Every structure is written in C-alpha cells, then in structure tokens.
1. Residue by residue through the stretch 365-375, note down the ones that are surrounded by fewer than 19 Cβ atoms within 10 Å (Cβ to Cβ) and either assigned to a helix (DSSP H, G or I) or in contact with a helix residue (DSSP H, G or I) (Cβ under 6 Å, 6 or more places away or on another chain) (or both).
2. For the stretch 325-334, check the following and say yes or no: at least one residue is surrounded by fewer than 16 Cβ atoms within 10 Å (Cβ to Cβ), within 23 Å of LEU245 (Cβ to Cβ) and free of Cβ contacts under 8 Å to residues at least 24 places away in the same chain.
3. What is the residue count in the stretch 122-162 for residues that are among the polar types (S, T, N, Q) and out of contact with any helix residue (DSSP H, G or I) (no Cβ under 6 Å at 6 or more places or on another chain)?
4. Which residue is nearest to TRP148 (Cα to Cα), if the candidates are limited to the stretch 50-99 and must be part of a loop (DSSP other than H, G, I, E, B) and of a type in the set (A, V, I, L, M)?
5. Restricting to helices (runs of 4 or more DSSP H) lying wholly in the stretch 136-251: which have 1 or more residues that are surrounded by fewer than 16 Cβ atoms within 10 Å (Cβ to Cβ)?
6. Count, please, the residues in the stretch 252-293 that happen to be surrounded by fewer than 19 Cβ atoms within 10 Å (Cβ to Cβ), part of a loop (DSSP other than H, G, I, E, B) and over 28 Å from the mean Cα position of the chain (by Cα).
7. So which of LEU366, LEU331 ends up being within 25 Å of ARG290 (Cβ to Cβ) and either of a type in the set (Gly, Ala, Ser) or assigned by TED's automatic domain parsing to the domain that holds ALA282 (or both)?
Amino acid sequence: MSRRRTGVTFGVFVFALCVAWSTTVAAAPGAKRTEAAKAAKATSGGRYEQMARKSAALVAASDTQGLAAHLRQLKSDAALDDAARERLLRATVLELATLTPQSDIETEIRSLSGYQTKTWITEYEHGHPERFPAYDVAAAARFVEQRWQETTARKTAAAAIGRADTAVVDRYISGSATERQGFEEAFAAATPERVAVYADDLERRLTAGAPVAGLARVVALASGDEALLEAVILDAPPQEALRALATIDPAGGSPATLTILAAAAERDATASAALLKIAPLATTDTSARRLLFDALDGPHGASAAAALARGNDPGIIDELAGLLRNSDDELQRRRALLALRLTDNERSRDHLRAFARGPETPTSLLAEVPSWLRQ
C-alpha cells in the first residue's frame, strides 16, 4: 500500500472517530427530521424498560423526593447509553409539570435546565446540515420550571381574589411573563362578582400607563365591564388591544358596542380590525353604515370597503355605485369600486358593467374593472 493511500486511510479513520464522538443520527438530504424514538436502538432494552417503569411509578405516586433521587441516578447510570439516558430524562421531566414541586426536585430540574445534549439528529435543509437534539432535556426542564411558576402564581392569585386583596395587581405588575399568565388564568376562572371589584383600579392604572393590559382585558371579559374593555382597546399596547377587540360580538353586543368599535376605528393599530367588526351592523344600523362610508377615503379605506362588501346588501351596493359614478374624490371612487368587486354578486356586477361602458369613465378607473365586465 502506498504512503499516500495509507495517509488517506488513517485520515478517514480519525475523521470517523471525531464524528462518532457524539451520538448522531443523520437523515438523507431532503428527509424530514427522524423520529426521536428512533434516535438509538438502545432505547428499547432491558435496563431502559426497567428505568421507564420506575419513572412511571414514581410519577403516579407523586413522589417528588423519590423522583429527585431517580433523576440523579439516570444522569449517572453506566448501564444506559446517552440516547437511552436522554430519552428517559426528557420523558420523566415532562411528567413533573403537573406535580407540586418540592425543594429537592426543584434543585434537580434547575440543574437539568443546563443539560448538554449528547445525542443529535442531523437534517438537511436546502443542502445544508442542521443538527437538533434528539431528546432536548434542557428545554423540557425549562418548560417544567415555567409551568411550576405559572401554577404557583395561579394559586397565589386565586387566594388573593378570594380575600378581595387589591395588592394582587402590584404582584402582577412585578411578576414575570409566566407568572402573569398564571395570574390571568386565576382571574379568568373567578366569578364575575369577585373580579368586578378590580375593574376601576385596573382602568385607572391602564390609562396611567401601568403594564396591566393583559389583566385588564381578562377582568373586563370576566366581569362584563364595557368601560374597562373600551379602555383596553383604546389605551393598551396593540397586541392586547386587538385581543380585546376580537372578543366583541357585534351582533349580540349591547348598544355601547358600536361606540366602542367606532372609537377603535380611530386608533391606527386597531382601525382595520374595528371596521371589519362593524360589517355585520351595516345592514341594519344606519350609524354603522355611515361610519363605514365615511371611512372609505381614509387611511383604512380598503378595510371599510371590505366591510361594506360583506353584507351583500342591495342598498349598500347601490350607494357604492352612486359614489363610483358621481364622487369627485378619486380615492373614494377607487374604494367604492373595490367594494363592488369584493361583493361579487349580480347586482354589483351590473353596476360595474354599466360603469365600464360609460363614455365618461376615466381610463385609470376602467383598468380596475375586470376585463370580462368591460365587454
């Protein structure tokens, strides 16, 4: 064998050792990620099955002290290879999310949140290899920590609501995002009478700029407080305002519903959503219809056009056709034309045909009429 060939063979051998240093399951180019359960054959053996049964028994018994010791054993058990160990650790850790944590198990989960994965899956995306943990123990541990925080916060808030303790709002403000989620769940689950006592305080805090938008939205919905709901829509950050707006049912709402939606239509972040929410009212409520027509030449006129088109109302269609023919505002005419196109029934098509054949129809607008309606 030549020196060159010997050198190449040795180099390939060293490279293979380096690749095998961590357990990796490679997928062919273009293949989907391999199932984690297939990451290694070692996850279906006698020792694996024995430890899996022990995990299940300890979880069923809610034995957190035993589970802490079991997790320590799994981390150091020489009879398990990396793939089997990590699959067991991840599965066991995830089962802990519903248990009440004690200090010993909390310590183990905290240590596992920094676990360094040894078993990887390789997937090829657009010809480039990407590696993923086969069993992401650290992510599972962090998930469980978050669920514990959320559960603790929910129980704390529920107790405070039961005592009508207004200091719970301060604890909400100072809490993490996960803890705030727990507080919101507690308020959502409480009776309307118990949460109503917090409405005025939350409205004051919200309008003053305090970060209580999520809790205010939940309390407004749970208590049916329309003033607080309006404050959320008008003053909360856009994400919370839109979530609150999505809960409004125009058809089944109170007389104040249109007032709230009209105010939301004046706010840039919520205008389009509010105009579309008004759509069901436009066929029966003159004020709602007027609001949408007035918005046609505004910054959210396309949304107003879409809202007017939703009802397939003959009166609305005829008024849109009148605007298209007679308005002096080109933007308003374009939006009226858009609404007629979106309505797409025989009445609207007749108006578009007549408009397209008119001798005074501007070329710029004619181009927006579907070609088959121009003939």
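The values are calculated or read from the model by the stated rules, or taken from the named source; none is laboratory data. Source: prediction; values computed, not measured. Here Cβ is always computed from backbone atoms with ideal geometry, including for glycine, and neighbour counts include all displayed protein chains.
1. Hits for the stretch 365-375 are LEU365, LEU366, GLU368, SER371, TRP372, LEU373, ARG374.
2. Checked against the condition, which is being surrounded by fewer than 16 Cβ atoms within 10 Å (Cβ to Cβ), within 23 Å of LEU245 (Cβ to Cβ) and free of Cβ contacts under 8 Å to residues at least 24 places away in the same chain, the stretch 325-334 yields no hits at all.
3. Qualifying residue count, the stretch 122-162: 4.
4. Within the stretch 50-99, the first condition is being part of a loop (DSSP other than H, G, I, E, B), and the residues that meet it are 61-63, 77-81, 99.
In the following step, the residues that additionally are of a type in the set (A, V, I, L, M) were identified as 61, 78-80, 99.
On the way: ALA61: 18, ALA78: 31, ALA79: 31, LEU80: 29, LEU99: 8 Å.
Looking at residues that are part of a loop (DSSP other than H, G, I, E, B) and of a type in the set (A, V, I, L, M), I get LEU99.
5. On the way: elements: 137-162, 168-174, 177-189, 192-196, 199-207, 213-223, 226-235, 238-246.
The helices (runs of 4 or more DSSP H) meeting that bar are 137-162, 168-174, 177-189, 192-196, 199-207, 226-235, 238-246.
6. The number of residues fulfilling the criteria is 5.
7. Selected residue: LEU331, the only one of LEU366, LEU331 that is within 25 Å of ARG290 (Cβ to Cβ) and either of a type in the set (Gly, Ala, Ser) or assigned by TED's automatic domain parsing to the domain that holds ALA282 (or both).
Yes or no, residue by residue, for (1) at pLDDT below 95; (2) more than 22 Å from ARG154 (Cβ to Cβ); (3) in contact with a strand residue (DSSP E or B) (Cβ under 9 Å, 6 or more places away or on another chain):
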site: PRO211; (1), (2), (3): no, no, no
site: GLY214; (1), (2), (3): no, no, no
site: PRO237; (1), (2), (3): no, yes, no
site: ARG243; (1), (2), (3): no, no, no
site: ILE248; (1), (2), (3): yes, yes, no
site: GLY253; (1), (2), (3): yes, yes, no
